[in-house]
Amino acid sequence: MLFQTLDKLKRQSILAAILMMALGVVMLICPESYVNTLVVTVGYGMIVFAIVEMLEFLASKKALIHYILFTGALIIAILGVFILIYNQDLLKALGWLFGFVLVQDGLFTLLNALLFARRSNRKGWWMLAVLAMALMVLGVLIFLNPWWDSPSLLMKVIGGALLFSALVSALRLVWIWPFKSAEKEGVDHVSDR
């Protein structure tokens, strides 16, 4: 059961790292004239993602995690609608969207650090928790958007933050998987009984 969960988490981490890296690069190289189109595309993408997650909830066994994911999908759908409605207020929409994404990714990474990385018997697992907290702080700073006045500067900051998030997702992959010796020791202890 644990290795099935870790395998699913591994796939999610790989996908998150690829998506965050691609989106970070797009935001770093996107000209200012295309920022509005990019925001509208992201808004529609969030709504489609939320609909897929809600349909997955309907087909699931209704465990607690499915209700949590359903709630997250509803929040993402509402944010997507707000982004489409308030796309004229571009800076706030970008700050809200990517601030929420980074805080959510930081919480997910912190949860994985405490649940899986600590148990993986790797030295320095706590670094993943520190990186997760840094992601959350960065997300809150972008969400509040205290000092970035131009869309191009905000896009650069968000692009850099997304690249950092991709790096944290890749590191999460390394830290959560247990050592082979720990697996064998667990099997040996079970067979001794």
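The values are calculated or read from the model by the stated rules, or taken from the named source; none is laboratory data. This is a predicted model, so every value here is computed, not measured. For neighbour counting, all protein chains shown are included, and Cβ atoms are generated from backbone atoms with ideal geometry for every residue, glycine included. To get the accessible areas, we keep the full protein, side chains included, count just its heavy atoms, and leave off ligands, DNA and RNA. Shrake-Rupley method; radii C 1.70, N 1.55, O 1.52, S 1.80 Å.
Rounded to the nearest 10 degrees, the inclination of helix 2-29 to the longest alpha-carbon principal axis of the chain is 30 degrees. Which entry is the computed P(r) over Cα pairs in 10 Å bins from 0, in percent for this structure: (1) 8, 22, 17, 12, 11, 10, 9, 7, 4, 1; (2) 9, 31, 33, 18, 6, 2, 0; (3) 8, 24, 23, 16, 12, 8, 5, 3, 1, 1, 0? So the calculated entry is the one marked (2).
Packing around the peptides 34-40, 127-133, taken as the average count of other Cβ atoms within 10 Å per residue, puts them in this order, highest first: 127-133, 34-40.
A 1.4 Å probe run over the protein chains yields, for the chain, 59 Å² of accessible area per residue, whole-number rounding.
Comparing Cα centroids, the stretch 3-54 and the stretch 103-118 end up 19 angstrom apart.
Solvent-accessible area of the chain (1.4 angstrom probe, protein heavy atoms only): carbon and sulfur portion equals 72 percent.
Largest GNM mean-square fluctuation across Trp96, Trp175, Trp126, computed for the chain with C-alpha springs under 10 Å, falls on Trp126. Helix 35-59 versus the longest principal axis of the chain: what is the Cα-based angle in degrees, 0 to 90, to the nearest 10? With both axes taken from Cα atoms, the answer is about 40 degrees.
Most mobile of Lys92, Lys61, Lys123 per a Gaussian network model of the chain (Cα springs, under 10 Å)? Result: Lys61 has the largest fluctuation of those listed.
Placing pseudo-labels 7 Å out from each Cα toward the beta carbon at Lys92 and Ile29 gives an inter-label distance of 3.3 nm. Run the quick spin-label model on Val140 and Ala63: label points 7 Å from Cα toward the beta carbon, then report their separation in nm to one decimal. If labels sit at Val140 and Ala63, their model points lie 3.1 nm apart. Given the pairs Lys8/Lys92; Lys92/Lys156; Lys123/Lys156; Lys10/Lys123, which span a C-alpha to C-alpha distance of over 22 angstrom in this model? Check vs 22 Å cut-off fails for Lys8/Lys92; Lys123/Lys156.
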